[in-house]
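Structure, as C-alpha cells:
Taken together, the values in this text are just the output of simple stated rules run on the coordinates, not laboratory data. Please read all numbers here as calculations on a predicted model, not as lab measurements. Counting neighbours? That spans all protein chains shown, and the Cβs are built from the backbone with ideal geometry, glycine included.
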Amino acid sequence: MYLKYYCLSKAPFGITPDPAFFYLSVSHKEALASLLYGIEKRKGFICVTGEVGCGKTTVLKALLSRVNAEQVKAVYLYNPELSFENLIRAVFEELELEAPEMDVAGLVRRLHAHLIDLYQQGKHVVLIVDEAQRMPVETLERLRILSNLETAKDKLLQIVLCGQPELAEVLAVRELRQLRERIAVRSEIRQLTGEESLAYVKHRLGRVTYGTTPVFEPGALRLIMRHARGNPRRINILCDNALVAGYADQKKPVTAKVVREVIAGLASKRRPARAMKWAVAACGAALIVGAGAIAVLGAFGPRMLDIRGEGRIEAKAPVLAIESAEPARAAPEENTEPAMAEVILPSVKAMQLMPQLVVAESVVPEAVVAAEVAVAENKVAETHVIQAGDTLSRLLTRVYGRSDRDLIERTLKSNPHIKDANKIQAGDTIVLPGASG
C-alpha cells in the first residue's frame with residue numbers, strides 16, 4: 001500500500017525472518033561464525049541463545065544459505081515439543097528415509113547406518129532445534145544418544161540448540177548435566193546498540209529504496225530507536241506501522257508526530273483489561289445516549305467520519321490530506337489509562353487508509369485492527385510453483401517455517417487436485433492458504 005509512495009521496491013520491515021535483509025551486528029557475526037565453525041569442525045553440540053525478536057531464526061536461515069548443500073544436510077525442527085521417538089521419526093522424514101515400525105533402539109541403529117553411509121560420501125547431517133527451550137527435558141537428555149553416533153575421529157551428527165535465554169535455565173537442571181558438559185560451542189545474540197539500531201534501519205531501507213527523498217525524519221528515527229530498545233523485531237513493527245500511518249497522513253518523510261501516534265496506538269493495545277473495559281463501557285454509554293454519541297465523535301474534528309442516514313459509515317477521501325490541529329502529544333506512560341481518543345484513533349486511522357471503504361455500522365474498531373494484523377502476518381493465500389524434490393511438508397516449512405497437521409489440511413482443501421500430500425509434481429502450481437487462517 002505504501003511502497004510506491006515512499007519509492008520502495010519491497011516492504012523493508014517484514015516480520016518474517018528474511019536472509020535477504022540480514023544485518024550483521026557484532027553479536028550476529030559472532031553467532032554465525034560460531035555456527036559455521038562448529039559445523040565445519042564437527043563439534044557435536046552447539047548452543048545459541050537470544051531474547052525474543054533478536055534475530056535468532058534469521059541467523060539460522062543465514063547459516064543454511066551459507067553452508068554447502070551438497071555436503072551438509074540440514075534437518076530443521078521448528079516444533080521442538082516432541083518425544084524422543086517422534087523426534088527421530090521427524091529426522092527420518094527430513095532425510096527421506098523410511099521409518100519402519102520398530103522400537104527406538106532399532107530406529108537409532110538404522111539412523112546410525114545411514115549417517116555412516118553419508119560420512120563415507122563426504123557428507124554429514126546437522127540437526128537444528130529452534131525454540132529449544134520448549135523441548136521436553138526427557139527428549140533433551142536423550143539427545144545424548146544421537147551425539148554418541150560417531151566414528152573414531154568425527155561426530156556423525158551435529159546438533160544445534162537455539163532458543164531464548166530460558167534455554168540456559170533448562171540446561172542447568174541436574175538431569176541435563178551430562179548434555180550440558182557436551183556443548184562445545186556457545187554463543188549469545190545480544191540486543192542492538194543505538195548505533196547498530198540506526199544502521200539496521202538504514203541497511204534494510206538501502207536494500208529496497210530507489211528514490212532520493214529520506215523515508216524517515218531524523219526525529220522519527222530517534223523515537224523508534226528509543227522505544228525499540230535494540231530489538232530488531234520491535235524496530236520492524238514500529239517502522240512498518242509508521243510507514244502505514246505516514247502514508248495515511250500523506251507524510252513524506254515520516255515525521256516524529258506520526259511515530260508518536262503509532263507508539264501510542266500500539267501501547268493502547270497492550271493496556272490492562274481494566275482499561276479496555278473502561279473504554280468499552282464508555283463507548284456503550286455514549287451509544288445509548290444517541291445524540292451524545294455523535295457529539296463525542298464530532299469532538300475528533302478533522303478526523304471525523306461522516307455518519308449517514310442509511311446506517312452506514314463512510315470514510316471521505318479528503319481526510320487523508322487534512323492535518324490535525326492538535327499539538328503532538330508524547331507517548332503515554334506504559335501503566336497509565338489512555339484517553340478515549342487514544343483507544344479509537346488508531347482504528348480511525350486504519351479506516352482512513354481505505355478512503356472509499358464503506359463498512360456496516362456494527363463493525364467495531366477491533367475488526368479493523370484485526371484486518372491490519374492479518375495483512376502484517378501474511379494470512380493472504382499465496383501461489384507457489386512446486387520445485388523438484390519438494391514434498392508438501394518441505395514446501396510449507398520453507399514458506400511458513402512450520403508444517404503441522406492444520407496447515408497441511410487447509411492446503412489440501414485449497415488444492416482439491418492434490419489427492420496425496422506425499423505426491424506433488426514438480427512444475428505444478430499450488431495455492432498456499434497462509435500461515436494461519
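Apply 1/(1 + (r/R0)^6) to the Cβ-Cβ distance of residue 414 and residue 78, taking R0 = 25 Å, and write down the FRET efficiency to the nearest 0.05.
0.75
For residue 222, project a label point 7 Å along Cα to C-beta. Then give me every residue of region 234-248 with its amide nitrogen under 20 Å of that point.
235, 238-239, 242-243
Under 1.5 on a/c is rounded, so check that first for region 382-432, then, if it is not, pick prolate when a/b is larger than b/c and oblate when it is not; a ≥ b ≥ c are the square roots of the alpha carbon gyration tensor eigenvalues.
Rounded, since a/c falls under 1.5.
So which of 61/252; 10/423; 56/257; 10/251 end up more than 26 Å apart by C-alpha?
Violating the 26 Å Cα-Cα cut-off are 61/252; 10/423; 56/257.
Length gain on complete extension for the stretch residue 104 to residue 266, per 0.36 nm per residue less the alpha carbon to alpha carbon distance?
53.5 nm
Arrange 419, 41, 251, 56 by Cβ neighbour counts within 10 Å, fewest through most, would you? It would help to have the intermediate numbers written out before the result.
Working: 419 8, 41 13, 251 18, 56 22.
Fewest-to-most ranking of 419, 41, 251, 56: 419, 41, 251, 56.
Stretch residue 95-residue 169 to full length: gain in nm at 0.36 nm per residue minus the Cα-Cα span?
Gain in length upon complete extension: 23.5 nm.
Taking neighbour counts of Cβ atoms within 10 Å as a proxy for exposure, in what order, fewest first, do 48, 75 appear?
Listing 48, 75 from fewest to most nearby Cβ atoms yields 75, 48.
How far apart, in nanometres, would the label points at residue 71 and residue 86 be if each is projected 7 angstrom from Cα along the Cα-to-Cβ direction?
For the pair residue 71/residue 86, the computed spacing is 3.6 nm.
Within region 169-201, find all residues whose amide N lies under 11 Å from a label point positioned 7 Å from the Cα of residue 150 along Cα-to-beta-carbon.
From region 169-201, the list is 182-184.
Would you mind calculating the gained length between residue 117 and residue 385 on full extension (0.36 nm times residue separation, minus the Cα-Cα distance), in nm to one decimal?
93.2 nm
Please give the Cα centre distance for region 1-80 versus region 169-235, rounded to the nearest Å.
Each part's Cα centre sits 12 Å from the other's.
So how do 183, 430 line up by other beta-carbon neighbours within 10 Å, fewest first? Walk me through the numbers before you get to the answer.
Working: 183 17, 430 20.
The most exposed by this proxy come first: 183, 430.
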